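The values are calculated or read from the model by the stated rules, or taken from the named source; none is laboratory data. Every value quoted in this text rests on a predicted model; they were computed, and no experiment measured them. All Cβ positions, glycine included, derive from the backbone under ideal geometry; neighbour counts span all protein chains shown. Heavy atoms of the whole protein, side chains included, go into the accessibility calculation; ligands, DNA and RNA do not. Shrake-Rupley method; radii C 1.70, N 1.55, O 1.52, S 1.80 Å.
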Amino acid sequence: MTRSLPRLGAIALIVAAASLTAACAGGPSAAPTAEATTPAPVATSPSPTAASDETAVPAAQPTCDRIIPESTVEQFESVGWTAKSEPMRIGELVIDAGVQCTWGDFTTATDRVQIFGWAPIETADATEAQQTLLAEGWKREEGAGGVYLTEPESTTIATDAEGYGLTYQFGAGWVKYADTKQSLLLIEWPKV
């Protein structure tokens with residue numbers, strides 16, 4: 001089966017992983033400068049798990065500037081980054097009610113970007129999506145925050161400090177997606 005998930009350039013993921021690793025390590029993050037090309041995201045605590053009512057949809061629609069902290073959006077914008085959004089995708093499954101965002105400087109040719117996504121998902125679709133990812137070699141883990149599926153090491157371009165590349169997190173009625181497992185911590189949707 002051909003891999004249909006989005007791929008990033010090696011530099012983009014390495015820079016994103018390094019930035020996120022520094023931010024998650026608790027050290028001070030430098031303020032962006034005019035020369036900066038990759039903003040370091042601000043680490044935050046994960047969102048509480050979704051309610052068990054899988055039909056509940058947030059009052060506002062998820063957008064690229066809403067699913068991550070305002071401070072992270074401001075930091076991206078301060079160095080000229082904008083977001084390109086599209087419906088959330090898991091392989092061939094397209095979830096129009098969700099959003100998948102690629103943040104970067106699209107005024108120049110670059111592969112330095114960060115990816116964040118969130119979507120509501122029905123139980124049957126979540127089960128099917130997980131089975132598809134597993135069949136493609138993705139690694140499945142269960143944790144306090146839900147079920148995580150991470151791309152196979154053989155296709156990983158860059159990883160976070162724990163060795164995770166592109167990762168989906170499935171909760172009760174929702175799914176998150178980021179360029180690394182650590183980056184999932186930045187997704188704060190729905191807002192409490």
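Restricting attention to the stretch 93-192, which GluC sites (Glu not before Pro) occupy a DSSP loop and are surrounded by at most 13 other Cβ atoms within 10 Å?
Working: sites: GLU122, GLU128, GLU136, GLU141, GLU142, GLU153, GLU162, GLU188; in loops: GLU122, GLU136, GLU162, GLU188.
Answer in residue order: GLU122, GLU162.
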- Message: For a test of the definition: using alpha carbon positions, the gyration tensor, and the 1.5 limit on a/c, classify the stretch 58-192 as rounded, prolate or oblate.
- Response: oblate
- Task: Can you give me the three principal axis dimensions of the stretch 97-175 from its C-alpha atoms, in Å, biggest first?
- Result: 41, 31, 23
- Kindly report, to the nearest 10 Å², the accessible surface of LYS139 as traced by a 1.4 Å probe over protein heavy atoms only. 110
- Task: Run down the lysines and flag those whose C-alpha is under 18 Å from the C-alpha of LYS191, throwing out any fewer than 8 positions away in its chain.
- Result: LYS176
- Find the Rg to Rh ratio for the stretch 127-169, where Rh is the Kirkwood radius over alpha-carbon pairs and Rg uses the same atoms. 0.96
- Query: With every protein chain present, what accessible area does TRP81 have (1.4 Å probe, heavy atoms only), rounded to the nearest 10 Å²?
  - Reply: 10
